[in-house]
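**Student:** This is the structure, below, for whatever I ask next.
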There are 4 protein chains.
Amino acid sequence: MAKLRAVLFGATGLAGQQFVSALSAHPWFELVAVAASPRNAGRRYGEALAEGGWFLTEAIPAAVASLVLADPLSVDPSGFDLAFSAVEADVARELEPRAARAIPVFSTASAFRYEKDVPLLLPPVNGGHLGLVRAQAARGFAGYVAPIPNCTTTGLAVSLAPLVERFGVQAVLVTSLQAVSGAGRSPGVPALDVLDNVLPFIAKEEGKVEVETRKILGTWAPGRTEVQPHAMRVSATCTRVAVLEGHTETVSVSLGRPASLDEVAAAFGEWKGDATARDLPSTPPRWIEVLQAPDRPQPRLDRETHGGMATSVGRLREDAVLANGVKFVLVSHNTKLGAAKGAVLVAELAKAQGLL
Amino acid sequence: MAKLRAVLFGATGLAGQQFVSALSAHPWFELVAVAASPRNAGRRYGEALAEGGWFLTEAIPAAVASLVLADPLSVDPSGFDLAFSAVEADVARELEPRAARAIPVFSTASAFRYEKDVPLLLPPVNGGHLGLVRAQAARGFAGYVAPIPNCTTTGLAVSLAPLVERFGVQAVLVTSLQAVSGAGRSPGVPALDVLDNVLPFIAKEEGKVEVETRKILGTWAPGRTEVQPHAMRVSATCTRVAVLEGHTETVSVSLGRPASLDEVAAAFGEWKGDATARDLPSTPPRWIEVLQAPDRPQPRLDRETHGGMATSVGRLREDAVLANGVKFVLVSHNTKLGAAKGAVLVAELAKAQGLL
Amino acid sequence: MAKLRAVLFGATGLAGQQFVSALSAHPWFELVAVAASPRNAGRRYGEALAEGGWFLTEAIPAAVASLVLADPLSVDPSGFDLAFSAVEADVARELEPRAARAIPVFSTASAFRYEKDVPLLLPPVNGGHLGLVRAQAARGFAGYVAPIPNCTTTGLAVSLAPLVERFGVQAVLVTSLQAVSGAGRSPGVPALDVLDNVLPFIAKEEGKVEVETRKILGTWAPGRTEVQPHAMRVSATCTRVAVLEGHTETVSVSLGRPASLDEVAAAFGEWKGDATARDLPSTPPRWIEVLQAPDRPQPRLDRETHGGMATSVGRLREDAVLANGVKFVLVSHNTKLGAAKGAVLVAELAKAQGLL
Amino acid sequence: MAKLRAVLFGATGLAGQQFVSALSAHPWFELVAVAASPRNAGRRYGEALAEGGWFLTEAIPAAVASLVLADPLSVDPSGFDLAFSAVEADVARELEPRAARAIPVFSTASAFRYEKDVPLLLPPVNGGHLGLVRAQAARGFAGYVAPIPNCTTTGLAVSLAPLVERFGVQAVLVTSLQAVSGAGRSPGVPALDVLDNVLPFIAKEEGKVEVETRKILGTWAPGRTEVQPHAMRVSATCTRVAVLEGHTETVSVSLGRPASLDEVAAAFGEWKGDATARDLPSTPPRWIEVLQAPDRPQPRLDRETHGGMATSVGRLREDAVLANGVKFVLVSHNTKLGAAKGAVLVAELAKAQGLL
């Protein structure tokens, strides 16, 4: 089977580089074109990043290094099977619909996450929401825009999914200790801001977590034109700490019914995720790893579990404040499942479901 | 007035050095003797710390540098007016009662914090509890042991006090992002554990926060033999981050009655603290500073406010999960108000109240 | 005596804020006007920096907070006695000559450092070079431009000065471990670049150190139109590390004649600096502090010595490779003596020498 | 071919864990016994490290997790083919000769590095020195002790070897910026010491680098009873920075004859290493990688090159101070080639050379 041909928008930024890495040697998709800001158009990808511009530890794949960067507005999407988008939200608002007129667009940008006809896809949690993209035909799209959630929402939603399924969830309070890579690198988080420090504020992040969690865990069925958000109340506090990769989150949950800690641990440990996402190329052996050591999860030790596609959960305890309260700590890889690899997973889901 | 003569136990460790600093040029107390582990006994304080052993940026005060370190078991407490104690809990259990037979002991150790006849003193919050130390006469003490709270409890209890007074508090959830200095330095937190990392666990810390907060905010009246803990429910998650000094805490509070954010901000901003603690030498201009900038408080920028004696509060928002919920972020200096300077403040309170 | 009235260019950046701090309560100078990029023009200084824009731990001085930011091109320099400049080199090339037509300009920018009629002033080392500014009259300046050296050169030149005076210096090799604050904050050094990392390259920095060291330590006498650089050979390697403030430098020096380590230590310890700089308001008690502890100097512990105006030197040893070789480690405050406070010191020198 | 059976001393520390990782799935050696301090004796390896004691990101290999920890003094070495030793120098002085009476011991400890009949083995540089171990028969050893160099010496000696071969080397000055992992973890480097800081001193390290570099690059021929050290002069300054893994070193070299930078780059790039070490299981594709980007090597990006077995070299420039001077920056993995994997490489060399 020939691989599907992909174009990548926003290829030179940190998020774009992570797409290049995530697509290297992918069994279904081949990156055949790269686009970035016009000032780099016409240069080979490898040359544009030669002087200190490539930030990953692995080398640039040779096949990508030789691709010539295109101006994104000059790209004809009909020459490709699908697009990945790693651009900022404001750029996404222009570029993504333009591409979606012809082909599916899998995106890390927030621009379309909150539109009614756009599912917010985290395949192990809500792979069944994918069909909502068909509603975008009303926009005149032959393709569609399929965004992934904010990287802080991702691990939270994964950890809540088995609790919602087994016990119900009334409410959740979360404090995030987020890595700096989530902010990219140009400029990203200045070292002056996080060395010997905590930033207790990330613009718009808390609202994203609160809205997205309810949408991801909401319900949708074929024929409906929007997702019915989950009714749980969500309260988020988002902070930035001196960690390179891997978001840590302290979570307190009010369950729908009493449950022992053993029952909760079993819910995490036995969770298989949505049936649509169990056999995709990027599916990890387990979506949730429950750690027993009292001092885990830690971002540096646990972020790469199953290639950064698993959410590590530990420190499971009762919460004395909430009704049927339990609390735990999770670590999730913000630039793997939470970004490029998460978007590739959605594209895999689309392919497996016949929507690509 | 001649200054009261103080002896310091545990003088060479990081906490001990902070006592040396806190007592330098103190208007009421003079550090006239220093004790430390027997292997250093007989050496001058300055010599014992000459080779990489003194960790503060200011120099060792000359008067202290020339003091000869004593074996703590050889110290006759009756030669002094008061003692400060910066030893570990297990050592405190032996040394502190021995000294308290003769003189008051102001301590950062946790050894006696949970005993019935021992108040847990944070003067702006519960200076009125001091009289409970009289109950220790039953132990045969001419003096008493007066411990301060755990450094993570300190900022939390200060921030809760005005809310308890004005609205009542039903429950509180807190996540701490704690500095490494709280763990001392021998060995303290290994760099390998916190560089590019978060430690999601600090042994026994969460239990201390939960118990101590209720005791500090509890009630006591002359004649009673123990503190009646406050009824609020407390849920704590304690983490360690790569910050040198200053604990950051994200706090969600369920108030006793509805209150607008403006009313809560006013409660913080107008709070004067307990009447007993308003004019002590170490009393800051305000116990709580309310910050308006959206990205404050930050530990590096705010920990030193009013000499590390103030708690900085910011990011006041409604909490959607809790009944009458509000949430905020605080920064408190863990080795100033939360340690040596906090213990000196208690000694000042004792002097002002005629108990020294 | 009325204070001299100063205008500050580049007032809102990190370097500009350090000037605001350095001039707060200065005995000779008063900051009466602030200028910054046109987009902030018309706003009060305090308002422009209210939302996360002020990075120092002390508060903005009230008198400065209420100043209205001017567009620098609209500033009439003849309304002031002197200017301080904290702008980038390219902006300096336009703004500084414009101001110098009317008044002296004391600058941290590199734009004019290498011009023949411009001294590179580090008062304790070459205060006597100040008179060279008179040569700028040929440019039609009623004032002059007086830049200070690069912050990495500063500590090196201070430490070399007593060696040049007493033994002569043939050559110097230096490796710098530089703090991130030297790069400013917009964007400054990204956290992704220095967490768990060393950057082994800082653009143009090594050339600056090599050229500036020789110019600062060179000779000039009244009547001459340029500085004769010192003949020493200089080899610099500049790196960036995860330190907020304070440059550490490892230095190996080939002296002009054999000298014992005791003699070298005495040369450092007895050095008084240039006679012109001994009694200025910002002159520290000693320009060089020689530390005996084997593990000093350290940037966090030693950068603030004498208000950041002293260079701390330690680890004095023989160097087995160089002729008459000695080696040592120094720490110098890159944003105090190495930036705003260093420029204020030059202005003090100018005032004391009748050139202001 | 059955694998050789290895016992590991010091198995529970950080260095020991790195041996466990390095030997996992090794084609020639099998770890069949683990020894550690007596207090852990009798516990299974996996249990002893279950609660926060295992520091690597990969899981403990199952075969090792089930091994029962032995008291090292109770181990009968004659039951094994070889030993690896990750103990501290003082313990090594007792344990290693005891084992060497029966079997070869490959060690990261410094205890025997400076003995005349002990080669200091870095196979790509001096694999030919291995035969010197035969001289240890005079100690009554049926085996021998074969230590590897200090981790800071390793990268330096690798980078100097091609220069010695092609141009000769007169002298070298090096400043190291060392990672914290080199100090182990119990207690290792306290976070308080390196956050926002540089430690300019590591006890005994500079002397080790100076002596070991000359011994490794020295000459030995069969029949001789000791290594003739290389005559180059070496001057080292060793510092510690906030990096987890990977030592960065800035190096200035005085070559034996003039050479262009292109010639030096070619010497690095073409270097194959000693013939004895070209086909061992752990031999990387290249021992030296020359990087062209101006801001490389960086420890975080380059330490893992070729599994941590390569030395990355960049920033090649002329050095204006030294005769025939060149300078460069290198990064070398201190706990891979510089520790456990380096010792395994020596064991591979011994096996290939018939000395095992």
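The values are calculated or read from the model by the stated rules, or taken from the named source; none is laboratory data. All figures in this text were calculated on a predicted structure; none of them were measured in a lab. Here the Cβ positions follow ideal geometry from the backbone for every residue, glycine too, while neighbour counts run over all protein chains shown.
**Student:** Give the residues of region C:178-224 that are closer than 27 Å to B:ALA191 by Cβ, touching a residue at least 60 places away in the same chain (Cβ under 8 Å) and over 17 Å from the mean Cα position of the chain (by Cα), sorted by residue number.
**Tutor:** Matches in region C:178-224: C:ARG185, C:GLY188.
**Student:** Let me ask something else. Just give me the residues in region D:279-304 being in contact (Cβ under 8 Å) with a residue 24 or more places away in the chain and assigned to a helix (DSSP H, G or I), in sequence order.
**Tutor:** Across region D:279-304, the qualifying residues are D:PRO299, D:ARG300, D:ASP302.
**Student:** Please work out which residue is nearest to B:SER235 (Cα to Cα), limiting yourself to region A:166-177 and to residues that are more than 21 Å from the chain's Cα centre (by Cα) and not β-branched (Val, Ile, Thr).
**Tutor:** Residue satisfying both the conditions and the ranking: A:ALA171.
**Student:** Moving on to the next point. Could you please find all residues in region D:63-88 being under 19 Å from D:PRO104 (Cβ atoms) and in a helix (DSSP H, G or I)?
**Tutor:** The answer is D:PRO72, D:PRO77, D:SER78, D:GLY79.
**Student:** Might you let me know whether region D:340-356 holds any residue that is modelled with pLDDT of 95 or more and under 20 Å from C:ASP193 (Cα atoms)?
**Tutor:** No, because not a single residue in region D:340-356 is modelled with pLDDT of 95 or more and under 20 Å from C:ASP193 (Cα atoms).
**Student:** Turning to a different aspect of this structure: Return yes when D:GLU51 is charged (D, E, K, R) and in a loop (DSSP other than H, G, I, E, B) and no when it is not.
**Tutor:** Judged against the criteria, D:GLU51 is a match.
**Student:** Evaluate the following for C:ALA267: is it crowded, with 24+ Cβ neighbours inside 10 Å and hydrophobic (A, V, I, L, M, F, W, C)?
**Tutor:** Considered against the rule, which asks whether it is crowded, with 24+ Cβ neighbours inside 10 Å and hydrophobic (A, V, I, L, M, F, W, C), C:ALA267 comes out as no.
**Student:** For region C:244-271, which positions are in a helix (DSSP H, G or I), out of contact with any Leu (no Cβ under 9 Å at 6 or more places or on another chain) and either of a type in the set (S, T, N, Q) or closer than 10 Å to C:PRO162 by Cβ (or both)?
**Tutor:** Within region C:244-271, C:ALA266, C:GLY269, C:GLU270 meet the criteria.
**Student:** Given the criteria within 18 Å of B:ASN40 (Cβ to Cβ) and in contact (Cβ under 8 Å) with a residue 12 or more places away in the chain, does B:ASP71 qualify?
**Tutor:** For B:ASP71, the condition - within 18 Å of B:ASN40 (Cβ to Cβ) and in contact (Cβ under 8 Å) with a residue 12 or more places away in the chain - is met.
**Student:** Conditions: (1) closer than 23 Å to B:PRO147 by Cβ; (2) outside any helix (DSSP H, G or I). B:THR276 meets all but one. Number of the miss?
**Tutor:** Failing condition for B:THR276: (2).
**Student:** I've got another one for you. Checking the condition away from chain D (no Cβ under 14 Å) and over 18 Å from the mean Cα position of the chain (by Cα), which residue from C:LEU280, C:LEU261, C:LEU291, C:LEU255 passes?
**Tutor:** C:LEU261
**Student:** Right, A:ILE60: surrounded by 19 or more Cβ atoms within 10 Å (Cβ to Cβ), within 14 Å of chain D (Cβ to nearest Cβ) and among the β-branched types (Val, Ile, Thr) or not?
**Tutor:** yes
**Student:** It is to be established whether one or more residues within region B:274-284 are hydroxyl-bearing (Ser, Thr, Tyr), assigned by TED's automatic domain parsing to the domain that holds B:GLY308, touching a strand residue (DSSP E or B) at 6+ places or on another chain (Cβ under 7 Å) and surrounded by 14 or more Cβ atoms within 10 Å (Cβ to Cβ).
**Tutor:** no
**Student:** Anything in region D:31-48 that is under 17 Å from D:GLN18 (Cβ atoms) and either aromatic (Phe, Trp, Tyr) or assigned to a loop (DSSP other than H, G, I, E, B) (or both)? List them, or say none.
**Tutor:** The answer is D:ALA36, D:TYR45.
**Student:** Take D:SER24 and tell me if it is outside the structural domain of D:GLY182 (by TED's automatic domain parsing), in contact (Cβ under 8 Å) with a residue 24 or more places away in the chain and among the hydroxyl-bearing types (Ser, Thr, Tyr).
**Tutor:** For D:SER24, the condition - outside the structural domain of D:GLY182 (by TED's automatic domain parsing), in contact (Cβ under 8 Å) with a residue 24 or more places away in the chain and among the hydroxyl-bearing types (Ser, Thr, Tyr) - is met.
**Student:** Something else: Search region C:294-308 for residues being of a type outside the set (S, T, N, Q) and over 16 Å from the mean Cα position of the chain (by Cα), and hand back the single one that is nearest to C:LEU160 (Cα to Cα).
**Tutor:** Here the residue is C:PRO297.
**Student:** Within region B:345-353, is even one residue touching a helix residue (DSSP H, G or I) at 6+ places or on another chain (Cβ under 8 Å), more than 10 Å from chain A (Cβ to nearest Cβ) and polar (S, T, N, Q)?
**Tutor:** Checked region B:345-353: at least one residue is touching a helix residue (DSSP H, G or I) at 6+ places or on another chain (Cβ under 8 Å), more than 10 Å from chain A (Cβ to nearest Cβ) and polar (S, T, N, Q).
**Student:** Please verify whether region B:314-331 includes one or more residues that are free of Cβ contacts under 8 Å to residues at least 24 places away in the same chain and in contact with a Ser or Thr (Cβ under 6 Å, 6 or more places away or on another chain).
**Tutor:** yes
**Student:** Then there is this: Exactly one condition in (1) more than 27 Å from C:GLU47 (Cβ to Cβ); (2) in contact with a His (Cβ under 9 Å, 6 or more places away or on another chain); (3) among the aliphatic types (A, V, I, L, M) is not met by B:LEU244; state its number.
**Tutor:** (2)
**Student:** Go through region C:223-235 and give me each residue that's surrounded by 15 or more Cβ atoms within 10 Å (Cβ to Cβ) and either among the small types (Gly, Ala, Ser) or part of a loop (DSSP other than H, G, I, E, B) (or both).
**Tutor:** Those that are surrounded by 15 or more Cβ atoms within 10 Å (Cβ to Cβ) and either among the small types (Gly, Ala, Ser) or part of a loop (DSSP other than H, G, I, E, B) (or both): C:GLU226, C:VAL227, C:PRO229, C:HIS230, C:MET232, C:SER235.
**Student:** Ok, one more. Name the helices (runs of 4 or more DSSP H) wholly within region C:130-222 that hold at least 1 residues that are within 14 Å of chain A (Cβ to nearest Cβ) and modelled with pLDDT under 95?
**Tutor:** C:191-194
**Student:** Touching a Ser or Thr at 6+ places or on another chain (Cβ under 8 Å), among the hydrophobic types (A, V, I, L, M, F, W, C) and at pLDDT 95 or above: does that describe D:LEU95?
**Tutor:** Spelling it out, D:LEU95 is indeed touching a Ser or Thr at 6+ places or on another chain (Cβ under 8 Å), among the hydrophobic types (A, V, I, L, M, F, W, C) and at pLDDT 95 or above.
**Student:** Do we have any residue at all in region B:230-245 that's over 30 Å from C:ARG300 (Cα atoms), more than 14 Å from chain D (Cβ to nearest Cβ) and without any contact (Cβ under 8 Å) to a residue 24 or more places away in the chain?
**Tutor:** yes
**Student:** Further question: Mind listing whichever residues of region C:95-111 are crowded, with 24+ Cβ neighbours inside 10 Å and not in a helix (DSSP H, G or I)?
**Tutor:** Hits for region C:95-111 are C:PRO104, C:VAL105, C:PHE106, C:SER107, C:THR108, C:ALA109.
**Student:** A further question on this structure: Residues to consider are B:ALA347, B:ALA266, B:ALA323; find the one that is of a type in the set (Gly, Ala, Ser) and assigned by TED's automatic domain parsing to the domain that holds B:LEU23.
**Tutor:** B:ALA347
**Student:** Within the group B:VAL118, B:VAL91, which residue is surrounded by fewer than 21 Cβ atoms within 10 Å (Cβ to Cβ) and under 21 Å from B:ALA340 (Cα atoms)?
**Tutor:** Testing whether each residue is surrounded by fewer than 21 Cβ atoms within 10 Å (Cβ to Cβ) and under 21 Å from B:ALA340 (Cα atoms) leaves just B:VAL91.
**Student:** Something else now. Given (1) away from chain A (no Cβ under 14 Å); (2) of a type in the set (D, E, K, R); (3) under 28 Å from A:ALA191 (Cβ atoms), where does B:ASP302 come up short, assuming only one miss?
**Tutor:** All conditions are met except number (1).
**Student:** Further, regarding this structure: Among the residues of region B:119-136, are any in the same structural domain as B:THR237 (by TED's automatic domain parsing) and of a type in the set (S, T, N, Q)?
**Tutor:** no
**Student:** Mind listing whichever residues of region B:308-320 are more than 10 Å from chain A (Cβ to nearest Cβ), farther than 23 Å from C:GLY53 by Cα and surrounded by fewer than 19 Cβ atoms within 10 Å (Cβ to Cβ)?
**Tutor:** Scanning region B:308-320 gives no hits.
**Student:** Answer yes or no as to whether D:LYS327 is facing chain C (nearest Cβ under 10 Å) and either surrounded by fewer than 21 Cβ atoms within 10 Å (Cβ to Cβ) or farther than 30 Å from D:TRP28 by Cβ (or both).
**Tutor:** So D:LYS327 passes the test.
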